[in-house]
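Q: Please read through the structure below; I'll follow up with questions.
Read-outs throughout are calculated quantities, based only on the coordinates presented, and are distinct from any laboratory measurement. Only a predicted model underlies this, so the values are computations on that prediction, with no experimental measurement involved. A quick note on method: Cβ atoms are made from the backbone with ideal geometry, for glycine too, and the neighbour counts reach across all protein chains shown.
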């Protein structure tokens, strides 16, 4: 039993993604308690009620007096396996192509060791479930290696949900026919292989505004749909109206980045189940932020992710994403917390077991070094997590 929390932030509510005013409803229980058994939550309520239950009489107690207790963070957008810059140092600085090709020679065991170190750091900062993308390997063999490692890491303490990221890369020019043929092999053979082996749950498309490439983007989404992948779209560039249209047409679970989203695009999303995943840490480095306030006010369901990428966004702390969302994107602390937990769980299709503190959900729980959840918005650079609990086990 976790007892006597100053604020028990449950996020109990609708089974649908939270949007509008509902995004700011945390359903906090003052002096709250949880009863956990076999990795699941079996009771949620006031300390007085829970401690008087027969099931609580012999429970091991954790005293959370004066603390905030809340769900573990769900990081719904990471590039966990992306090579770090140190792997390709040169006289002219880091070389991304060389780093990507280094994945061909590195062993799966070494990749897994590096991944486990990142996951341990994520756990210390409160992440209990995360998505991790491929898309960093220079060929299909390297991509398979990355996906196999991600699935192996999913057998560790955190839940790791792999995605296959498809990126057409640099402009094809005279190589367009060859690139199209290679892409067709991916749609026909490679995606079938990873689906048959259950190596990825999502198929993620890096949007390309080049109209000449549009048929290949459509082919990818068609292949993903026919093979039963859930779909996601990266939309981090200008002229992405067609990306929003395709996200709705192919029922994408989420459309991510959206730094250039317009009012018309927000209104397109507002009537759909597609979630807009915002990445404040990436926006901080790029200098352009997604219009979070406009999206929320128009009724779009928004989630937050870290965009952790050892190369571009070396920040794996979801508390940082929450702080930046509040300080630079005009989100309230409650909205940012909901976006980083329950809505992020919806963006990964795991809201039935993660993202809120409710009976029969996984006991993925944080105890914070603070008495007020709003401190998450303003303690930028400070780790407020005292204890991370995953499936009822203290990590």
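Q: Would you mind checking the tilt of helix 318-329 against the longest principal axis of the Cα atoms of the chain, expressed as 0 to 90 degrees and rounded to 10?
A: Compared with the principal axis, the helix lies near 80 degrees.
Q: Something else: Note the angle between two axes, namely the Cα long axis of helix 108-124 and the longest principal axis of the Cα atoms of the chain, as a number of degrees from 0 to 90, rounded to the nearest 10.
A: For helix 108-124, the angle is close to 40 degrees.
Q: Taking 0.36 nm per residue of sequence separation and subtracting the Cα-Cα distance, how much length would be gained by fully extending the chain between residue 52 and residue 272, in nm to one decimal?
A: Stretched fully, the residue 52-residue 272 segment lengthens by 74.8 nm.
Q: Based on DSSP, what percent of beta bridges with both residues in the stretch 73-347 are antiparallel, to the nearest 5?
A: Approximately 5 percent, going by the DSSP bridge assignments.
Q: In addition: How long are the three semi-axes of the equivalent ellipsoid of the stretch 129-230, in whole Å, if each is the root of 5 times an eigenvalue of the C-alpha gyration tensor, listed from largest down?
A: Taking √(5λ) for each eigenvalue gives 25, 13, 12 Å, largest first.
Q: Pop the C-beta distance of residue 12 and residue 139 into the FRET formula with R0 = 51 Å and round what comes out to the nearest 0.05. Intermediate results must be reported in sequence, preceding the final value.
A: Working: r = 46 Å, r/R0 = 0.91.
After rounding to 0.05, the efficiency reads 0.65.
Q: Relative to the longest principal axis of the C-alpha atoms of the chain, give the angle of the C-alpha long axis of helix 176-185, reported between 0 and 90° and rounded to the nearest 10°.
A: Tilt relative to the chain: about 50 degrees.
Q: Right, something else. Note down the relative contact order for the chain as a percent, whole number, built from C-alpha pairs under 8 angstrom at least six residues apart.
A: Relative contact order, the chain: 23 percent.
Q: Rounded, prolate or oblate: which fits the chain, taking a ≥ b ≥ c as square roots of the Cα gyration tensor eigenvalues, rounded meaning a/c under 1.5, else prolate when a/b beats b/c?
A: prolate
Q: What is the gain in length, in nm to one decimal, between residue 241 and residue 293 on full extension, counting 0.36 nm per residue of separation less the C-alpha to C-alpha distance?
A: 16.8 nm
Q: Between residue 210 and residue 113, what is the spin-label point distance in nm, taking each point 7 Å from the Cα along the Cα→C-beta axis?
A: Going by the 7 Å Cα→Cβ label model, 3.9 nm.
Q: Among rounded, prolate and oblate, which fits the stretch 241-358 when a ≥ b ≥ c are the square roots of the eigenvalues of its C-alpha gyration tensor, a/c under 1.5 means rounded, and a/b larger than b/c means prolate? Spell out each step's value before the answer.
A: Numbers: a/c = 1.44, a/b = 1.14, b/c = 1.26.
It comes out rounded by the Cα gyration axes.
Q: Once the convex hull of the C-alpha atoms of the stretch 20-68 is built, how many Å³ does it hold per residue, rounded to a whole number?
A: 103
Q: Normalised by the number of residues in the stretch 1-87, what is the relative contact order in percent for Cα pairs under 8 Å and 6+ residues apart?
A: Details: 128 pairs, mean separation 33.6, N = 87.
Worked out over the stretch 1-87, it gives 39 percent.
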